[in-house]
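For reference, the structure is listed below as structure tokens.
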Amino acid sequence: MKIICIGRNYAEHAKEMKAETPTEPVFFMKPDTALLLNNDPFYFPKFSNEVHHEVEVVLKINKNGKNIQKQFASKYYEEVSVGIDFTARDLQAICKAKGLPWEKAKAFDSSGVVGAMHSKEHYKDLSALSFRLDINGKTVQEGNTKDVIFSFDAIIEYVSQYVTLRTGDLIFTGTPVGVGPVKIGDRLEAYLENEKLLDFEVK
Ligand code: MG
């Protein structure tokens, strides 16, 4: 499986990164070795001094598809959760400055943390899902999918032109404003519609 991540899908986050609001989706990938599940601890990597949290709604792809049209896109995901797109911001800044790919900063081991999956039928409206991240009991990021620039279905249509989606693939749909550093000892708890789906520590 692979993990597809959407960048800059919330205008206020694009602003905080001093990035332009995109006119088409920006995506990148993490390999399967980036996946961290089951509330396992995240071990702070030795190669970075500044790892940021990015809380995101995550979709799980449930059938193979290529060139998926937007009107059929919702048939390609059945489950949703929240996740953390961990980002070595210091390395990313160097990559960006040199015009290099971001993989070192975004695709490292355990950088894609995913919470417990729920059937999408569990939620009234996927286009108005609230989600948030608490660190040590304090809310640090809050978002709502009504604020996305590109809807889940638009993302699937766009990405599947280039990359075949397969059963089991995950899509991180972008982070809202409020990204920031984590440190060893932090406890991260992520919620979707006020229901905790992820709870783990930084070690
Ligand atoms: Mg992200």
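The values are calculated or read from the model by the stated rules, or taken from the named source; none is laboratory data. Please read all numbers here as calculations on a predicted model, not as lab measurements. With ideal geometry, Cβ positions are generated from the backbone for all residues, glycine too; neighbour counts draw on all protein chains shown. Keep in mind that these areas ignore ligands, DNA and RNA; they rest on the heavy atoms of the full protein, side chains included. Shrake-Rupley method; radii C 1.70, N 1.55, O 1.52, S 1.80 Å.
Determine the per residue accessible area of the stretch 3-201 with all protein chains present and a 1.4 angstrom probe, expressed in square angstrom.
Result: 47 Å² of accessible area for each residue.
For a quick check of your reading of the filter: which trypsin sites (Lys or Arg not before Pro) in the stretch 65-98 sit in a DSSP loop and have no more than 16 other Cβ atoms within 10 Å?
66
Looking at the stretch 3-201, send over the antiparallel percent of its DSSP beta bridges, to the nearest 5.
90 percent
Quick one: net charge around residue 169, please, counting Lys, Arg +1 and Asp, Glu -1 for every other residue with C-beta under 9 Å from its C-beta.
+3
Give the share of C-alpha pairs in each 10 angstrom bin for the stretch 61-120, from 0 to the last occupied bin, in whole percents, shortest bins first.
Values per bin, smallest distances first: 20, 29, 31, 21, 0.
Rounded, prolate or oblate: which fits the stretch 5-102, taking a ≥ b ≥ c as square roots of the Cα gyration tensor eigenvalues, rounded meaning a/c under 1.5, else prolate when a/b beats b/c?
Oblate, since a/c reaches 1.5 and b/c is not below a/b.
Could you please report the charge total around residue 18, scoring K, R as +1 and D, E as -1 over all other residues with beta-carbon less than 15 angstrom from its beta-carbon?
+1
Heavy atoms only, probe 1.4 angstrom, no DNA, RNA or ligands counted: give me 86, 72 ranked by accessible area, highest first.
Of 86, 72, the descending order of accessible area is 72, 86.
Leaving out ligands, DNA and RNA but keeping every protein chain, what accessible area does residue 84 have, in Å² rounded to the nearest 10, with a 1.4 Å probe?
Near enough 0 Å² of accessible area.
Would you mind counting up the charge near residue 6? Only other residues with Cβ under 14 Å from its Cβ, with Lys and Arg at +1 and Asp and Glu at -1.
-4
With the Cα gyration tensor of the chain in hand, give its eigenvalues times 5 under a square root as the equivalent ellipsoid semi-axes, listed largest first in whole angstrom.
Those come to 24, 20, 16 Å.
Relative contact order, percent, of the chain when contacts are C-alpha pairs under 8 Å separated by at least 6 residues?
After rounding, I find 35 percent.
Per the 1.4 Å probe, what fraction of the accessible area of the stretch 60-203, in percent, lies on carbon and sulfur atoms?
49 percent
Using only Cα atoms, locate the centre of the stretch 138-179 and the centre of the stretch 92-117, then give the distance between them in Å, rounded to an integer.
16 Å
Using only the Cα atoms of the stretch 84-199, what semi-axes does the equivalent ellipsoid have when each is the square root of 5 times a gyration tensor eigenvalue? Give whole Å, largest first.
23, 22, 13
Using only DSSP helix segments of four residues or longer, with each worth -39500 (n - 2.57), what per-residue ellipticity at 222 nm results for the chain after dividing by its residue count and rounding to 500?
The helix-only estimate for the chain comes to -4000 deg cm²/dmol at 222 nm.
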